[in-house]
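Everything below concerns the one structure shown next.
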Amino acid sequence: MPTRSRFRAAGDRAAARLRKRAEWAAVSAQRRAAHDRAHEQWATGALAPYRITRALDAAELYGRGRRHCIRRAGARSRRRTTSL
């Protein structure tokens with residue numbers, strides 16, 4: 001079996017680089033498309049922020065209604081600090 005020339009090996013490496021670059025381009029295009037879809041859903045109000053959905057899930061899991069799970073921004077906690 002004849003040995004491969006260094007020119008053939010260099011061509012193989014270049015082809016591998018091109019394949020990798022094409023894979024990276026495809027992955028980045030998928031990521032951009034997913035980001036654009038998420039941004040569009042967020043802009044139209046169809047997508048609630050992650051922490052709100054987690055709070056709703058936790059509230060429903062523990063049997064409380066939706067109105068108890070999200071506090072207004074800046075609202076104080078119901079716990080009182082009393083000194084005895």
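Taken one residue at a time, the phi angles of the range 22-32 give Karplus couplings (6.51, -1.76, 1.60, θ = phi - 60°) of 5, 5, 4, 5, 5, 5, 5, 5, 5, 5, 4 Hz. Gly and Pro are set to x. The simple spin-label model puts a point 7 Å past each Cα toward its Cβ; for residue 21 and residue 39 those points are separated by 2.6 nm. Take the Cα of residue 29, step 7 Å toward its Cβ, do the same at residue 14, and the gap between the two points is 2.4 nm. If Lys and Arg each add +1 and Asp and Glu each add -1, what is the summed charge of the other residues whose beta carbon sits under 13 Å from the beta carbon of residue 19? Value of the local net charge: +2.
All of the numbers you see were taken from the coordinates with simple rules; none came from a lab. None of these values were measured; they are calculated from a predicted model. FYI the Cβ positions are ideal-geometry reconstructions off the backbone, even for glycines, and counts take in every protein chain you see.
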